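Chemist: To start, I am sharing the structure in question, which I have written as structure tokens.
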Amino acid sequence: MSAVMQNPAKISSEPFLNKVAKSFGAASDSYIQGARLQQQVALDALALLPKQPYGHLLDLGCGPGWLHPRLIQHCQKLTAIDLSAGMLARAAQANIASQYLQADAQQLPLADASVDNVFSSLMLQWCKEPVAVFTEVARVLKPGGTVVMTTLVDGTLGELRQAFAALDNRQHVNHFLPPDALRQAASKVSGMQWQFEQRRYPLYYPNVQAIARELKTLGANQVAGRQAGGLTGKGYWQRLAEVYAQHRTVLGLPASYQVVVISGVKHGN
Ligand SMILES: C[S@@+](CC[C@H](N)C(=O)[O-])C[C@H]1O[C@@H](n2cnc3c(N)ncnc32)[C@H](O)[C@@H]1O
């Protein structure tokens, strides 16, 4: 089995990264059963990867590696990187990638021009500095190399944010960047040609608790800047459910996810 190379020292120096890594690690066993959105988004994005199995592919923010049986069909060598040791350990059980590296996408432990293609699904929204991720991706790509990334943007979980806002003014839902901020960040990285496309994925739930439960199952329940305490009491959830109910459709309670698909090619060849 390929070894998981851990680098906890660098990660634990940043409190939010540390929390994100721990939350995802704790969810490494339950993740796949809650990952409806993640599966739809990644499988749609996969269609944009070069079809021929060639070269070295990097899966950045690989999670539990559920996509690796498919990703390996697009390359000769797969490297899996994730912030969370728990997620990597889970991915490494399938032993599909050549290496499993614990690292922050904003500081990749890979040499310049060492990768032919990069794939990254629903990882970027966890990074405070998207420009650092774009810069690192451009650095490790070989000339002519490509990247396909997906991320969540402003408008995601808008119904939930609105319902919470009717109850108090604390931050309960993560802040997602507007697509223009991502475009601007990408435009700062020279030597790459970028393309952006926005897609909306509506998901439906029986009740608001099911939405919160799913976020926890996925490990996606860390909110940057959220104060401790808050979300307590039956009464609070009851009121939240009443406010959210105004959005109910015949399919259930909707939660909208706004996804941006970013594709890039590195100049030269
Ligand atoms: C929503 S999951 C997506 C996993 C997988 N790509 C998928 O599509 O199912 C996000 C993953 O990104 C990882 N992650 C978050 N921030 C990261 C960072 N700064 N660098 C590397 N990985 C990160 C998390 O640990 C988690 O495994």
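The values are calculated or read from the model by the stated rules, or taken from the named source; none is laboratory data. Quick caveat: nothing in here was measured; it's all calculated off a predicted structure. Heads up, the Cβs are rebuilt from the backbone with ideal geometry, glycines too, and the neighbour counts pull from every protein chain shown.
Chemist: Pairs under 6 Å by beta carbon, first residue closer than 19 Å to Asp82 by Cβ in segment 111-122, partner within 15 Å of the ligand (Cβ to nearest atom) and among the hydroxyl-bearing types (Ser, Thr, Tyr), six or more apart or different chains?
Modeler: Ser121/Thr150; Leu122/Thr150
Chemist: Might you check whether a residue that is surrounded by fewer than 20 Cβ atoms within 10 Å (Cβ to Cβ), modelled with pLDDT of 95 or more and within 16 Å of the ligand (Cβ to nearest atom) occurs anywhere in segment 160-178?
Modeler: Yes; the residues of segment 160-178 include at least one that is surrounded by fewer than 20 Cβ atoms within 10 Å (Cβ to Cβ), modelled with pLDDT of 95 or more and within 16 Å of the ligand (Cβ to nearest atom).
Chemist: Next question. Can you tell me which residue in segment 93-115 is nearest to Ile262 (Cα to Cα), limited to those that are surrounded by 21 or more Cβ atoms within 10 Å (Cβ to Cβ) and away from the ligand (no atom under 11 Å from the Cβ)?
Modeler: Here the residue is Val115.
Chemist: Every residue in segment 165-179 that is part of a loop (DSSP other than H, G, I, E, B) and not aliphatic (A, V, I, L, M), please. Show your work before the answer.
Modeler: From segment 165-179, those part of a loop (DSSP other than H, G, I, E, B) are 166-178; that's our starting set.
Listed by number, the residues that qualify are Asp168, Asn169, Arg170, Gln171, His172, Asn174, His175, Phe176, Pro178.
Chemist: Quick one: in segment 76-89, which of the residues that are surrounded by fewer than 24 Cβ atoms within 10 Å (Cβ to Cβ) and within 12 Å of the ligand (Cβ to nearest atom) is farthest from Leu124 (Cα to Cα)?
Modeler: Ranking the qualifying residues of segment 76-89, first place goes to Ala89.
Chemist: I'd like to verify a number: residues in segment 112-155 that are acidic (Asp, Glu) and touching a strand residue (DSSP E or B) at 6+ places or on another chain (Cβ under 6 Å), how many? Explain how you work it out, then say what you get.
Modeler: So the first thing to find is which residues in segment 112-155 are acidic (Asp, Glu), and the list is 112, 116, 129, 136, 154.
Those still in the list that are touching a strand residue (DSSP E or B) at 6+ places or on another chain (Cβ under 6 Å) too: 116.
Count: 1.
Chemist: Of the residues that sit in segment 29-70 and are under 23 Å from Val259 (Cβ atoms) and of a type in the set (S, T, N, Q), which one is nearest to the ligand (Cβ to nearest atom)?
Modeler: The residue in question is Gln38.
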